[in-house]
Amino acid sequence: MSSLIAAGRDPCVRFEGSDFWLAARTPEGAATLHLARAGTDLVATGHGPGAAWIVDRADAIAGLRDDLGDFPAMAARHPLIARLANTFAGVRMPATGLMFHRLLRAVFEQKVTGKEARKSYHLAVRHFGEPAPGPVELLLPPAADRVAETPYWAFHPFGVEQRRTSALLRAALVADRLEACTDAAEATRRLMAIPGIGVWTAAEVTRTTYGDADAVSVGDYHIPNTVTWALAGEPRGTDERMLELLEPFRGHRGRVCDLLAAGGIAAPRYGPRMPVRSFARF
């Protein structure tokens, strides 16, 4: 759950032993969720105006509404996936119900390295963020209305160029409609109607906002190679080949990709890596 919700040392998230804290902007206002284990129970505590909303959704945020369905039978057909499913048997897909926060991260992650994306995200949160309610020092995610009223050039010091910023600003203008989506299918349609947001970004958002276990990040720099290497021993793959190999896992294709990532599975690297760039001076 942690790697899906948090971006590295996320200013909106904190882990302390078995305690988890999440700052969020809910439909009922700012909130901080605290999850803690008490024996076999998971205890949820909310802070702030949105406390009731976020506590009501705490089990989904923790992944407890995730239904594996027929995935165990699917996984059993492939030795590697069966092993990973067993190793990470307790890992579940979160369904936060909080779209704009994840969308902001996903837009920053488009076509850049993870290091670049995390830096941009952290700078943006610290620029727009406000102190979250509760006893720990966290920042609330950027508010969509504040993002929408910000000129694109103000994002350059965060390392984000005009193309990605424009996509984010368009999404921020319709954030209320996006947050009102009832399921992953509706969210995908609305997201992909926004110029600058395609299937990759939509999948990254719906996988954690709605717990969409089938969402595949088509167009990713690494995932096709990872999937083809893991499932067929082929060191290089295309989106088409990746989807072909994932087809037997339909309904859980995104889950398979997440398991491969959790297991540290990666294709052999050939040639230079994607360069780290800076747009801060443009």
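What are the pairs, 6+ residues apart or on separate chains, where a residue within region 117-134 that is under 15 Å from Phe100 (Cβ atoms) and touching a residue at least 24 places away in the same chain (Cβ under 8 Å) has its Cβ under 7 Å from a residue that is outside any helix (DSSP H, G or I) and small (Gly, Ala, Ser)?
Qualifying pairs under 7 Å: Tyr121/Ala7.
Inside region 154-255, counting only helices (runs of 4 or more DSSP H) that do not spill past its ends, which hold 2 or more residues that are closer than 25 Å to Ala143 by Cβ and touching a Leu at 6+ places or on another chain (Cβ under 9 Å)? Before the answer, list the steps.
Details: elements: 162-173, 175-179, 184-192, 199-209, 223-232, 239-246.
It comes to 162-173, 175-179, 184-192, 199-209.
One line per residue, one yes/no per condition, for (1) touching a Ser or Thr at 6+ places or on another chain (Cβ under 8 Å); (2) surrounded by 16 or more Cβ atoms within 10 Å (Cβ to Cβ); (3) in contact (Cβ under 8 Å) with a residue 40 or more places away in the chain; (4) not hydrophobic (A, V, I, L, M, F, W, C):
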{"site": "Ala171", "(1), (2), (3), (4)": "no, yes, yes, no"}
{"site": "Arg177", "(1), (2), (3), (4)": "no, no, no, yes"}
{"site": "Ile197", "(1), (2), (3), (4)": "no, yes, yes, no"}
{"site": "Thr208", "(1), (2), (3), (4)": "yes, yes, yes, yes"}
{"site": "Asp214", "(1), (2), (3), (4)": "no, yes, yes, yes"}
{"site": "Val218", "(1), (2), (3), (4)": "no, yes, no, no"}
{"site": "His222", "(1), (2), (3), (4)": "no, no, yes, yes"}
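Might you let me know whether region 78-96 holds any residue that is surrounded by fewer than 20 Cβ atoms within 10 Å (Cβ to Cβ), of a type in the set (S, T, N, Q), part of a strand (DSSP E or B) and not assigned by TED's automatic domain parsing to the domain that holds Ala132?
Scanning region 78-96, I find no residue that is surrounded by fewer than 20 Cβ atoms within 10 Å (Cβ to Cβ), of a type in the set (S, T, N, Q), part of a strand (DSSP E or B) and not assigned by TED's automatic domain parsing to the domain that holds Ala132, so the answer is no.
Please state which of the following conditions Gly129 fails to meet, knowing it meets all the rest: (1) among the small types (Gly, Ala, Ser); (2) modelled with pLDDT of 95 or more; (3) not assigned by TED's automatic domain parsing to the domain that holds Arg255.
(2)
The values are calculated or read from the model by the stated rules, or taken from the named source; none is laboratory data. Note that the structure is predicted; figures quoted are calculated from it, not measured. With ideal geometry, Cβ positions are generated from the backbone for all residues, glycine too; neighbour counts draw on all protein chains shown.
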